[in-house]
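Colleague: The structure under discussion is supplied below as structure tokens; questions concerning it will follow.
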Ligand code: DP6
């Protein structure tokens, strides 16, 4: 391949985020405008991240996409929205702001290759990291700068919050074109260094009802959701921002748990009801409340998204003690693998009084492993060219290069591409 036909290859990474004030319900399906604002914590990319490489070249005949090693359908509508929007912004920048910029690549086709460093099916909001990474990397490739959360939002609502590190709010906005429905950093990842996060992976099953279709049914049928969006969330957002800014763990933890519980209550109020929590999730909820009540202090909080895995927030000084309780009530089945992955957790002894006070029946194999992490930064550019996922020929390195069999596999399948991007 001649050198000038393989001009540009960019690789970036983007984080997962976990909402502590949940987004559930849209007022506009295509633009992805939510019925309430939401707030999340960005998780550290050392433990959980998506990596995406985008290459543009004169020699590419069509736009192509590979996700976690398999070629997928590039015509997914949300992916197309992001691509279209980035190309539009790139054209605008060249016309209005900087006519001197080279515009040749604008007509070139793109190859996109993306991988996650965590199991896609574990329900860890991979669509948020995936679309954030896609938009951030496309912006690098097409020379687009500035506010990009509004583009990421059009891939997946929660993805707009993954465009920033630390503590991030997504303002619902009020304009019908969605221009004011954007994410904003509330505090950076360095703001609360004692805050620690544990992802308790309860099951590797795929979620049964995807968030996109689940929230549609909730908007259509749940009065509780309407009440939540109009009368509960606005005050909660104010309180949550205050708790985060003041590093008030008790307030942060209680709001987080109440908001998760109300989100799952709206799922039950949906008709037909949606069940994301399972018996392991219920055991985690009981464990956290009994643990906190034993100490007479809110030391630990849980939150659950559209799946059974708990995400736990706690402070560094409590983590070893709490993990021992988790180990005791969920005896591990690790098959030789580690039970705790990620940031190391020092050993502590579990006191007999705590065991007695919690008093739950242990659930062997209820939790397959734990990912230990902390708040982290937003998307990053990977400068080292050896890290590109696409080779000089524009095809994925080390994966299935041409798999025509798989190319249309996930066509028209709600949630599938968005769950893996
Ligand atoms: C429960 O962002 O996945 O995780 O906008 O339809 O792609 P779409 O939905 P998505 O929904 C996330 C819902 C949630 C709560 C949250 O992250 O705020």
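Colleague: Taking segment 161-178 as the search range and keeping residues that are farther than 14 Å from residue 375 by Cα and under 14 Å from the mean Cα position of the chain (by Cα), which one is nearest to the ligand (Cβ to nearest atom)?
Modeller: 170
Colleague: Could you go through segment 118-133 and let me know if any residue there is at pLDDT 95 or above, out of contact with any helix residue (DSSP H, G or I) (no Cβ under 9 Å at 6 or more places or on another chain) and within 28 Å of residue 239 (Cα to Cα).
Modeller: Within segment 118-133, not a single residue is at pLDDT 95 or above, out of contact with any helix residue (DSSP H, G or I) (no Cβ under 9 Å at 6 or more places or on another chain) and within 28 Å of residue 239 (Cα to Cα).
Colleague: Quick one: which of 65, 39 is touching a strand residue (DSSP E or B) at 6+ places or on another chain (Cβ under 7 Å), without any contact (Cβ under 8 Å) to a residue 60 or more places away in the chain and part of a strand (DSSP E or B)?
Modeller: Step by step, each of 65, 39 is checked, and only 65 is touching a strand residue (DSSP E or B) at 6+ places or on another chain (Cβ under 7 Å), without any contact (Cβ under 8 Å) to a residue 60 or more places away in the chain and part of a strand (DSSP E or B).
Colleague: Please name all residue pairs, on different chains or six or more residues apart, with Cβ atoms under 6 Å, provided the first residue is in segment 138-163 and is over 21 Å from residue 177 (Cα atoms) and at pLDDT 95 or above and the second residue is within 8 Å of the ligand (Cβ to nearest atom) and not in a helix (DSSP H, G or I).
Modeller: Close Cβ pairs (under 6 Å, with a partner that is within 8 Å of the ligand (Cβ to nearest atom) and not in a helix (DSSP H, G or I)) amount to 162/17.
Colleague: Hey, could you check segment 42-62 for residues that are within 22 Å of the chain's Cα centre (by Cα) and in a loop (DSSP other than H, G, I, E, B) and say which is nearest to residue 137 (Cα to Cα)?
Modeller: 45
Colleague: OK, next. From the set of residues in segment 19-45 that are more than 7 Å from the ligand (Cβ to nearest atom) and crowded, with 24+ Cβ neighbours inside 10 Å, which is nearest to residue 199 (Cα to Cα)?
Modeller: Among them, the one singled out is 43.
Colleague: Would you say residue 198 is at pLDDT 95 or above and either under 14 Å from residue 35 (Cα atoms) or within 18 Å of the chain's Cα centre (by Cα) (or both)?
Modeller: yes
Colleague: Looking at (1) within 12 Å of the ligand (Cβ to nearest atom); (2) in contact with a strand residue (DSSP E or B) (Cβ under 7 Å, 6 or more places away or on another chain); (3) under 30 Å from residue 343 (Cβ atoms), find the lone condition where residue 11 falls short.
Modeller: (1)
Colleague: Residues being surrounded by 14 or more Cβ atoms within 10 Å (Cβ to Cβ) and at pLDDT 95 or above: count how many of those fall in segment 361-390.
Modeller: The number of residues fulfilling the criteria is 13.
Colleague: Can you find a residue in segment 255-276 that is more than 16 Å from the ligand (Cβ to nearest atom), in contact (Cβ under 8 Å) with a residue 12 or more places away in the chain, in contact with a helix residue (DSSP H, G or I) (Cβ under 9 Å, 6 or more places away or on another chain) and assigned to a loop (DSSP other than H, G, I, E, B)?
Modeller: yes
Colleague: Need the failing condition index for residue 249 against (1) within 16 Å of the ligand (Cβ to nearest atom); (2) closer than 16 Å to residue 21 by Cα; (3) surrounded by 15 or more Cβ atoms within 10 Å (Cβ to Cβ), just the number.
Modeller: Of everything listed in (1) within 16 Å of the ligand (Cβ to nearest atom); (2) closer than 16 Å to residue 21 by Cα; (3) surrounded by 15 or more Cβ atoms within 10 Å (Cβ to Cβ), residue 249 misses just condition (1).
Colleague: Okay, next question. Residue check: is residue 306 within 28 Å of residue 218 (Cα to Cα), within 16 Å of the ligand (Cβ to nearest atom) and in contact (Cβ under 8 Å) with a residue 40 or more places away in the chain?
Modeller: Answer is yes for this residue.
Colleague: Among the residues of segment 233-246, which ones are within 16 Å of the ligand (Cβ to nearest atom) and surrounded by 17 or more Cβ atoms within 10 Å (Cβ to Cβ)?
Modeller: 233, 236, 237, 240, 244
Colleague: I'm told residue 52 meets every condition in (1) surrounded by fewer than 16 Cβ atoms within 10 Å (Cβ to Cβ); (2) touching a strand residue (DSSP E or B) at 6+ places or on another chain (Cβ under 7 Å); (3) closer than 30 Å to residue 190 by Cα except one. Can you identify the failing condition by its number?
Modeller: For residue 52, the exception is condition (1).
Colleague: Of the numbered conditions (1) part of a loop (DSSP other than H, G, I, E, B); (2) in contact with a helix residue (DSSP H, G or I) (Cβ under 9 Å, 6 or more places away or on another chain), residue 105 fails exactly one; give the number of that condition.
Modeller: Among (1) part of a loop (DSSP other than H, G, I, E, B); (2) in contact with a helix residue (DSSP H, G or I) (Cβ under 9 Å, 6 or more places away or on another chain), residue 105 violates only (1).
The values are calculated or read from the model by the stated rules, or taken from the named source; none is laboratory data. Note that the structure is a prediction, hence the values are computed from the model and not measured. FYI the Cβ positions are ideal-geometry reconstructions off the backbone, even for glycines, and counts take in every protein chain you see.
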